[in-house]
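Okay, structure first, notes after.
The values are calculated or read from the model by the stated rules, or taken from the named source; none is laboratory data. Please read these numbers as outputs of a predicted model, since none were measured by experiment. A quick note on method: Cβ atoms are made from the backbone with ideal geometry, for glycine too, and the neighbour counts reach across all protein chains shown. SASA here: full protein model, heavy atoms, side chains in, ligands and nucleic acids out. Shrake-Rupley method; radii C 1.70, N 1.55, O 1.52, S 1.80 Å.
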Amino acid sequence: MATLKEVARLAGVSASTVSRIINGKGEKCAGAAVQKRVWDAVRATGYVPNQEAKRLKEGGGAPKEAITVSCLFARAEDYKEDSFFNALAACVEEEVLRQGCRLGLRYSHKDAQRLCREEAFAPGRTEGLVVLGKSGPDCEGLIGRFRKRVVHITLNQMEIRRDHIVCDGWHAAEMALQYLYEAGHRVIGYVGETEKEIRYRGYRAFMLDVGLTPGPIFPAAMNPAGGHRAVERILAAKTRPTALFCANDATAQGVLRGLAEAGVAVPAQMSVISIDNIPEAEQTKPLLTTVKVPFRDLGSFAVKTLLDRIDHGHTVPLNIFMPCELVVRQSVAAPRSDANMGG
């Protein structure tokens, strides 16, 4: 098993810095780049904090059997390409290690469909599952194998009899659209998924509430490629929007790239706003204005809730709501008087 010194050596920092970051004090002792190096080193070495030493130091008894926490990417066929859920999973896994637990596997949507058909698959009584994103019936076979040792993290409120950590996507959409509305935009387009998508429903409700007709609407896969492909339709629309509300940052990344290639200046000719605040939102040109989803708190509360469930600390299903926050950068401005041009 890897030691703290081995992690420190791989990350190029002191052992004390590694210890502080793992114990949740990283913001006070290291920048984001250093923290990332440390967590990458932790994952690469398979390091698990020595909870036996910690318990003895704190006057506790012998450690319990180690708990393993796995993650299910409920909406991703290939989780490696999903920037939002990768960022969320990283926060979950950091909290898992801080709690002295073991990192389990990462399951994709495809894995869930495969494993639910395998009768031999049976997680142990000390293995829990964090479900990332809204899960459908085709994931229930895998989720059910974990019995009650499951917690969900979503932006969509779900009617489930399991622990659930939520950042309300409807409210996040309202926050983004209110900012566009107060900036003077009245023709606000939507880019993203529309079927059973709470951010789309929030978009429609807001537009109707303020007396505006929803649209134009550009259905798109919620990834950079989907946003990029939508730009051609956006620019060909009979009524060109002065602003675009993208359902997530990944979609907005593609939209910004497509608009730049078409010679459309953001935000001078078209404003863009989205939801998530993934790390890439600070690297776009212009920098992306977005609604921040509290990744770290969602991950932290999910793990703590799951561990309390496994330890029989609570028996009723919990619903914990996390607030979102507007992050103003450079991609939104007041509409130009000539910005609403026909296609």
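What number of residues within region 282-314 satisfy the criterion of being in a strand (DSSP E or B), of a type outside the set (S, T, N, Q) and out of contact with any helix residue (DSSP H, G or I) (no Cβ under 7 Å at 6 or more places or on another chain)?
So the count comes out to 1.
Could you tell me which of the residues LEU307, LEU326, LEU244 is at pLDDT 95 or above, under 16 Å from the mean Cα position of the chain (by Cα), on the phi < 0 side of the Ramachandran plot and aliphatic (A, V, I, L, M)?
After applying the criteria, what remains is LEU326.
What residue, among those in region 214-241 that are at pLDDT 95 or above and of a type in the set (Val, Ile, Thr), is farthest from ARG186 (Cα to Cα)?
Selected residue: VAL231.
Take the residues in region 212-250 that are out of contact with any helix residue (DSSP H, G or I) (no Cβ under 9 Å at 6 or more places or on another chain) and part of a helix (DSSP H, G or I), then tell me which one is nearest to VAL293 (Cα to Cα).
Result: ARG233.
Looking at GLY313 and the list (1) over 20 Å from the mean Cα position of the chain (by Cα); (2) surrounded by 14 or more Cβ atoms within 10 Å (Cβ to Cβ), which single condition is not satisfied?
It fails just one condition, (2).
Only one residue in THR213, THR239, THR194 is of a type outside the set (A, V, I, L, M, F, W, C), touching a residue at least 24 places away in the same chain (Cβ under 8 Å) and over 22 Å from ASP276 (Cα atoms). Which one?
Going through THR213, THR239, THR194 in turn, just one is of a type outside the set (A, V, I, L, M, F, W, C), touching a residue at least 24 places away in the same chain (Cβ under 8 Å) and over 22 Å from ASP276 (Cα atoms): THR239.
Could you list, in sequence order, the residues of region 184-208 that are at pLDDT below 95, part of a loop (DSSP other than H, G, I, E, B) and out of contact with any strand residue (DSSP E or B) (no Cβ under 8 Å at 6 or more places or on another chain)?
Selection gives GLU195, LYS196, GLU197.
Kindly check whether there is at least one residue in region 146-155 that is open to solvent by 20 Å² or more (accessible area, probe 1.4 Å), in contact with a Pro (Cβ under 9 Å, 6 or more places away or on another chain) and closer than 19 Å to SER274 by Cβ.
no
In region 215-237, is there at least one residue being within 28 Å of CYS91 (Cα to Cα), among the polar types (S, T, N, Q) and open to solvent by less than 30 Å² (accessible area, probe 1.4 Å)?
no
Table: residues versus (1) farther than 24 Å from GLU280 by Cα; (2) more than 19 Å from the chain's Cα centre (by Cα); (3) in contact (Cβ under 8 Å) with a residue 24 or more places away in the chain.
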residue: MET158; (1), (2), (3): yes, no, yes
residue: ARG162; (1), (2), (3): yes, yes, yes
residue: GLY169; (1), (2), (3): no, no, yes
residue: MET207; (1), (2), (3): yes, yes, yes
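Going through LYS36, LYS57, LYS80 one at a time, which residue ends up being open to solvent by 80 Å² or more (accessible area, probe 1.4 Å), modelled with pLDDT of 75 or more and either touching an Asp or Glu at 6+ places or on another chain (Cβ under 8 Å) or on the phi < 0 side of the Ramachandran plot (or both)?
LYS36
Just one of the numbered conditions (1) part of a helix (DSSP H, G or I); (2) open to solvent by less than 40 Å² (accessible area, probe 1.4 Å) is not true of PRO123; which one?
(1)
I'd like to know if region 187-207 contains one or more residues that are open to solvent by 40 Å² or more (accessible area, probe 1.4 Å) and farther than 26 Å from ARG229 by Cβ.
Within region 187-207 (the criterion being open to solvent by 40 Å² or more (accessible area, probe 1.4 Å) and farther than 26 Å from ARG229 by Cβ), the answer is no, since none of the residues qualifies.
Can you name the residue in region 95-114 that is open to solvent by less than 30 Å² (accessible area, probe 1.4 Å) and in contact with a Lys or Arg (Cβ under 8 Å, 6 or more places away or on another chain) and is also farthest from ILE198 (Cα to Cα) among such residues?
Here the residue is GLY100.
When region 127-179 is examined, which residues are found to be of a type in the set (A, V, I, L, M), out of contact with any Asp or Glu (no Cβ under 6 Å at 6 or more places or on another chain), farther than 30 Å from LEU212 by Cα and not in a helix (DSSP H, G or I)?
LEU129, VAL130, VAL131, LEU132, VAL150, ILE153, ILE160, ILE165
Given the conditions (1) open to solvent by 50 Å² or more (accessible area, probe 1.4 Å); (2) at pLDDT below 95; (3) of a type in the set (Gly, Ala, Ser), report the number of the one that ALA334 does not fulfil.
(2)
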